[in-house]
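Please read the structure below before turning to the comments.
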Amino acid sequence: MAKAPTASSTSQASSRADAKDDLIVYTHSTVIYWWPVWLYGYFCAAYTASFGKLVEVGGHKPVAIHPDAWLGLSFLILFCFVFWATHVKARGVWSLVAVLVTVLVAIGVQWSFGWSALFAQLGFLLIYMNLAFYLCLSTFFLVVWVMSFFMISRFTYWKFTHGQVTAHRFGGLAHSLDTLGMGVKKLPDDLFLHWLLGLGAGDLELNMGGEKFLIENVLNVRGRARQAQSIIRRVKT
């Protein structure tokens, strides 16, 4: 004969169901957007090792350098682009304007005299980097990226539970908020930063009685926003 569920078992089942509905949103540093630098740096290292030449510089041991300057220049351009994108945010329509201006300038230079001719005429664009440079710099960025993404970010997050949102910071609990009357929205994207480098990352904003809290650099930000809004709506109803 089946036993009727007791109050304790019903309470435990309800707690497990609520736990499954909890949402943890990790906030990351801008280091997560630097993956193209170390990835392309390793490509440059492999390309230099395969097709480079040994060159003696200053009477020291010969070093491997690729004879074409485009490799070093392309790495420098990528480095500067990522640095600019992670430090200068242009949200919404302004990011679209920035994309269009960049594309128009690139097309204009190509139609006017060509990028190859520009590189040939400007001697300061002849940039050469050896194999050790690519390996050392890329390894440094990779180590920092892995530590930030898989370790430090695990201690900095916001937890959405039934009726409450708790902010956790590296080193301990920061503060806790009641979700009653709270609003969650995704902020407009920066096309360069969030779409191109972040692959769908973005920022969330919590609005609590006029007080705003920013959750930056959230991966899969659209999905996280929908989940957070769903949790808050269940509390309101």
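Quick rundown of the values:
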| quantity | calculated |
| --- | --- |
| Cut-off 15 Å between beta-carbons: net charge of the residues surrounding SER176, Lys and Arg +1, Asp and Glu -1 | -1 |
| R0 of 45 Å, Cβ-Cβ distance ALA49-HIS87: FRET efficiency to nearest 0.05 | 0.90 |
| Sites VAL143 and LEU199 - FRET efficiency at Förster radius 30 Å, r taken between beta-carbons, to 0.05 | 0.90 |
| Which of VAL31, VAL184, VAL144 has the fewest Cβ neighbours within 10 Å, and the rest in rising order | VAL144, VAL31, VAL184 |
| Long-range HN-HN contacts of ILE127 with modeled amide H, under 5 Å | LEU73 |
| Karplus-derived HN-Hα couplings along segment 65-75 (A = 6.51, B = -1.76, C = 1.60, θ = phi - 60°), whole Hz, x at Gly and Pro | 9, 7, x, 8, 6, 4, 5, x, 5, 5, 5 |
| Near-label residues of segment 161-202 by backbone N, under 11 Å of a point 7 Å along Cα→Cβ of ARG222 | 200-201 |
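Each value in this text was obtained by applying a stated rule to the coordinates, not by laboratory testing. Note that the coordinates shown come from a computational prediction; the quantities given were computed from them, not determined experimentally. No Cβ is skipped: glycine too gets one built from the backbone with ideal geometry, and neighbour counts run over all protein chains shown.
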